[in-house]
Each structure stands twice: as C-alpha cells, then as structure tokens.
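Structure first, then comments.
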Amino acid sequence: MSGASGGNGQGASASISFWLRAMPVVFVLIWSTGFIVAKFGLPYAPPLTFLVIRYVLSIICFLVWIKFSGAAWPTQRSQWWHLAVTGILMHAGYLGGVWVAVKAGMGSGLVALMVGLQPVLTAVWVSQWAGQRISRLQWLGLAFGLSGLLLVVWRKLGVGTEVSGFTLAAAVFALCSITAGTLYQKHFVTGSDVRTANLIQLVAALLVTLPLTLLESEAIIWNREFVGAMVWSVLGLTLGGSSLLYLLIQRGAATAVTSLLYLVPPTTALMAWALFGESITAATIVGTALTALGVSLVVRSSSGPQPKA
C-alpha cells in the first residue's frame, strides 16, 4: 500500500517537475507573441486607442481576480507611487513605443530585436552609475549586440517605411522606457503581490495614455481580427504572462526565463515570417545571432541586475 502511494507521489513529482521545466519556454513563447499581436491588431485600430482598451479590460480582469483571491495590497503609500512610475515606464512608455513603431511600418522582428538590447543598456547603466566597471567581456558583448542590430537596420534603411527617423525614435523610446522601468523597479519597488502590483501599474499607464488618444483620429474596425488580438492581449499577455512570471519567480525558475529571453527576437522573426511574410535574409539571421550573443555575454558576465522578463 505504501509502495503504491510512493509510486503515485513520484509520478506526481515527475509531472510537476516537467511542467516547471516547460513553463519558461511557454512564457517566452507568450512574450514573443506580444510583438505579433501588435502587427495583427493594428490594421484595425490606432495604437494608443488599442492599448487603452487593453488596459481597461485588463484592469477589470485583475479586479475580479483580486476580489476572489484576496490578494494583498501594498501597505506603504510610497510603494503605490513607485508602482505607478514603473507602470508608466513599462506599460505606457514601452508598449506605446512598440505599438506606434509597428503602426508606422516597422516589422515585428526588428522591433523585438531593438528592444532586446534592454539587458545591454541596463548593464551599461549599472556599470556607470553603480560603481561597477564594464569588463572586457561585457564590452565585447556590447560590440556584438550593436553590430548585429546595425547589420539588420542598415539593410533596411531607405527601403519602404520600416526604418525611418520616426519608427527608430519610437522603438528607441520603447527601449529606453523598459530599461528605465526595470532599473527603477529594482531600486524602489519592494516585494508585493503581482496581481495588485499589475493593477496599480495598469491604472497609471491608462491615466497617461488616455489623453494621448485624442491625437488619434482613426476609427476602430470591429472584426474578428481586432477582437482576437484584443482577447489575446488581455488574457494571454497581460494575465497569462504575468501569472507565469509570478509562478516562475515563486518556484525559483526566473533565471531560466532570463536565459531564454535571448530567443525572443528570432522567435518573433519566425512568427512574423510565417504570419505576415516578413523577410528573413542572411543579414537578418546573422544580425539576430550577433545581438543574442552580445546580450548573452553582457548579462552572463554582469554582476548587476538581470533583465526584466
């Protein structure tokens, strides 16, 4: 009897271990679809208006989740303000920049590649302002990352509207926003429940983004593509991605997510090629590989903070 019980226990333990190993991969796949959803839904709505609807629906879902789970709210007023700042940077700034760039013509793969340099900027910032010197290996990684990005961007300069001053500015704004948000969060935000923290961040992002929608005149086209993109943005990305990240951190698998994030740009590029016919040339492959290698070298040799997943 005890043997059977032990066998069942071992089987359950093996099953839990399998899903724990699979969770980082699932999380990275979900994260990669964020760039695809922007490309999929933006033909039918202006970017900031889409994000405002996404924020509102996500807030409603989190309110229901918090109500039935009894999730704890931050007890210090300062933490509410710090979470609001991170929400403005990492939702309004980052997502706003990405979606505006995609709407203006930049491909999903290129946007993912550009914002994928966030760990490099984070390492450089920490080295300059936290008294940590940049090692030779980190400089090599920085050179690889920038070289890979330039290789991809240079090929597309002057070809259509994908790479223009406006799209580059929007993508760089998104990159700087998520980098600043990551650094700010690591420095000021203490441990809190991911559900209430996300809700506070989303409300702050909504308050900042909503007035900007007055600058948009394009009407929303309510069709299956728009609704599908919105549903996945809310349930898959905001709630699903946040839930997986929460579980991974609680179970101590966040390091695996950090390592797999190097695969986000190539994964996004493959998805964009399959769904939208975005070209994958030899320059794209080499440039993406160089960037991933550069980011990997910087992060692995850095004793500073790891990138936010």
Sort 276-286, 224-234, 200-210 by packing, meaning the average of other beta carbons within 10 Å per residue, with the highest value first.
200-210, 224-234, 276-286
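Cβ under 15 Å from Trp65's Cβ, Trp65 left aside: what net charge do those residues give with Lys, Arg +1 and Asp, Glu -1?
That sum, taken over residues with Cβ under 15 Å, equals +1.
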Within 10 Å, Cβ to Cβ, of Pro46, how many net charges do the neighbouring residues add up to if Lys/Arg are +1 and Asp/Glu are -1?
-1
Over the stretch 174-228 - Rg/Rh using Cα atoms and the Kirkwood inverse-distance radius
1.10
By the Cα gyration tensor axes a ≥ b ≥ c (a/c under 1.5 gives rounded; else a/b larger than b/c gives prolate, otherwise oblate), the shape of the stretch 31-300 is oblate
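Quick note: the coordinates plus some simple rules give every number you see, no bench work behind them. As the structure is a prediction and not an experimental result, all values here were calculated from the model. Every residue, glycine as well, gets a Cβ built from its backbone with ideal geometry; the counts of neighbours run over all protein chains shown.
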